[in-house]
């Protein structure tokens with residue numbers, strides 16, 4: 001049995017709206033099989049050293065315990081200008097429009113995302129895995145740090161201009177925004193501590209859960225309040241628009 005070298009609780013950031021009143025977990029198995037523990041009802045990181053598992057070239061190793069696709073899922077025929085139409089399986093690639101939809105019935109939901117990941121030989125990321133992959137071992141508020149920055153990732157304020165001023169937090173409230181989806185990895189600083197791109201913003205990412213509800217993480221380019229919704233700990237269960245996903249896998253122990 002391996003000895004974890006890190007046990008880190010993730011505190012909810014101030015001002016975060018908590019939508020579920022029940023604890024995240026009762027036992028470690030509620031959080032995932034490896035790399036996550038259950039402490040006082042919260043799923044926390046239980047990390048082994050990096051290099052414990054081997055991941056594919058298009059994935060990043062998280063917490064020495066599992067692998068996460070480095071980029072948001074895309075269709076096999078997606079390009080930098082078009083999201084494609086081939087829904088046979090999910091791919092993890094830089095520089096293409098991600099696979100997303102605002103239609104929760106036929107466009108994007110856990111069942112669609114799960115099937116696409118399984119067709120690629122992977123699985124849908126679990127909720128606790130996704131949060132830790134975004135926040136890192138320091139429990140960051142956003143994938144890139146603790147302070148909201150309107151231009152680091154793709155959000156509602158990113159393409160907002162007010163009389164020639166540079167974008168600033170909530171500038172969308174004062175003027176308007178040319179908000180739009182961007183190719184995966186288009187923002188060079190929008191990367192999590194483990195190396196996952198676009199965990200904050202661009203498109204929402206559906207995660208696997210066992211409570212019968214759809215859960216989406218990370219926010220999207222069109223969130224009215226990107227400062228809140230782009231937080232690693234924010235859990236959307238209210239059927240947002242611009243819903244995408246990302247795949248994970250257990251990796252191969254070295």
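Bear in mind that the values in this text are calculations on the coordinates, not laboratory data. Note that this is a predicted model, so its numbers are computed, not measured. Using ideal geometry, Cβ is built from the backbone for each residue, glycine included, and neighbour counts are taken over all protein chains shown.
Miscellaneous remarks
- Computed lengthening from residue 176 to residue 162, 0.36 nm per intervening residue step minus Cα-Cα distance: 4.3 nm
- Mean sequence separation of contacting Cα pairs (under 8 Å, at least six apart), scaled by the length of segment 180-219, corresponds to a relative contact order of 30 percent.
- At R0 = 30 Å, FRET efficiency that the Cβ-Cβ distance of residue 29 and residue 58 yields, to 0.05: 0.60
- Computed E for residue 228/residue 119 - FRET, C-beta separation, R0 45 angstrom, nearest 0.05: 0.85
- Listed by Cβ neighbour count within 10 Å, with the fewest neighbours leading, 215, 180 appear as 180, 215.
- Over segment 69-246, Cα pairs under 8 Å with separation of 6+ residues give a relative contact order of 26 percent.
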